[in-house]
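**Student:** Sharing a structure here in structure tokens format.
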Amino acid sequence: MGAAMKLRDLANPSVYYSLTLAILAFGLDRAQKAFQVSGDCIALGAAPCVEVLTSYTPFAMSGWRGGEIVPVTSFFDYVLVWNTGVSYGLLDGLPVWSLGVIMLVAIAALSVWWVRAETILIRMGLALCIGGALSNALDRLIYGAVADFFHLHWGSWSFYIFNIADVAITIGVIMLIADLVGLGRPRKPSA
């Protein structure tokens, strides 16, 4: 009976919609980084481009190594910054391999939750989180740090520097919170 339940679950459209979202989140982030980041920054687990001592305006929009800044508005810059920690630079002092282990455990836990999820909102939110987390984990493996590009700031106050994978994770978390507060669930008839 357990196998029949699994086969029935595969017929659920939320499985395919959420897998598409995970692939989209992963693929868009990877495509941007493949275009933007220089190929000589790839060095499995090493970090040849992470130590940036200066910033400058680049001549081209591809082949970046870090430190590039393109002002777009008074509150937004397009940059390449290497994040050696996790969100907001937390755990910055840990070795790359330990951050990789933490990310793999988190991805495994999210994947188990995704398999057990029963609503489309949870599945889609988790898929976005998994797709984004996988792409950032791959950054750690191939670059030695996560490549972040979008810098929001106000004057000298810097809010956040993030990438497409971070956007996917944030939208995924918002979807999980929406489910938590009951959005997207059928209302129970009042007695």
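**Student:** Among the residues of region 40-73, how many are aliphatic (A, V, I, L, M), under 16 Å from HIS151 (Cβ atoms) and in a loop (DSSP other than H, G, I, E, B)?
**Tutor:** Filtering region 40-73 down to residues aliphatic (A, V, I, L, M) leaves 42-44, 46-47, 50, 52-53, 60-61, 69-70, 72.
Okay, now just the ones that are also under 16 Å from HIS151 (Cβ atoms), so 52, 61, 69-70, 72.
So of that shortlist, the ones also in a loop (DSSP other than H, G, I, E, B) come out as 52, 61, 72.
Adding up the residues that qualify gives 3.
**Student:** Also, quick follow-up: Looking only at helices (runs of 4 or more DSSP H) that fall completely inside region 74-191, which ones have 1 or more residues that are loosely packed, with under 12 Cβ neighbours inside 10 Å?
**Tutor:** Correct list: 96-116, 164-180.
**Student:** While we're on this one: For region 35-57, which residues satisfy the criterion of being hydrophobic (A, V, I, L, M, F, W, C) and within 19 Å of ALA137 (Cα to Cα)?
**Tutor:** PHE35, VAL37, CYS41, ILE42, ALA43, LEU44, ALA46, ALA47, CYS49, VAL50
**Student:** So which residues in region 9-45 are more than 25 Å from ALA60 (Cα to Cα) and among the hydrophobic types (A, V, I, L, M, F, W, C), if there are any at all?
**Tutor:** Taking region 9-45 as the starting set, the residues that turn out to be more than 25 Å from ALA60 (Cα to Cα) are 9-25, 44-45.
Of everything in region 9-45, those that are more than 25 Å from ALA60 (Cα to Cα) and among the hydrophobic types (A, V, I, L, M, F, W, C) turn out to be LEU10, ALA11, VAL15, LEU19, LEU21, ALA22, ILE23, LEU24, ALA25, LEU44.
**Student:** So how many residues does region 39-68 have that are loosely packed, with under 15 Cβ neighbours inside 10 Å and either free of Cβ contacts under 8 Å to residues at least 60 places away in the same chain or over 21 Å from the mean Cα position of the chain (by Cα) (or both)?
**Tutor:** Going through region 39-68 one residue at a time, the tally reaches 14.
**Student:** Now a separate question. Is there a residue being out of contact with any helix residue (DSSP H, G or I) (no Cβ under 8 Å at 6 or more places or on another chain), among the aromatic types (Phe, Trp, Tyr) and on the phi > 0 side of the Ramachandran plot anywhere in region 61-76?
**Tutor:** no
**Student:** Give the residue that is farthest from ASP29 (Cα to Cα), with candidates limited to residues of region 148-174 that are modelled with pLDDT under 90 and not polar (S, T, N, Q).
**Tutor:** So, considering only residues that are modelled with pLDDT under 90 and not polar (S, T, N, Q), the one farthest from ASP29 (Cα to Cα) is GLY155.
**Student:** Determine which member of the set LEU141, LEU99, LEU104 is modelled with pLDDT under 90 and under 17 Å from ALA22 (Cα atoms).
**Tutor:** LEU104 is the lone residue from the list that is modelled with pLDDT under 90 and under 17 Å from ALA22 (Cα atoms).
**Student:** For the condition under 18 Å from LEU21 (Cα atoms), at pLDDT 95 or above and over 12 Å from the mean Cα position of the chain (by Cα), what is the one hit in ILE120, ILE177?
**Tutor:** On inspection, the qualifying residue turns out to be ILE177.
The values are calculated or read from the model by the stated rules, or taken from the named source; none is laboratory data. If you're wondering where the values come from, they're calculated on a predicted model, not measured in any experiment. So basically every Cβ, Gly included, is an ideal-geometry build from the backbone, and we count neighbours across all protein chains shown.
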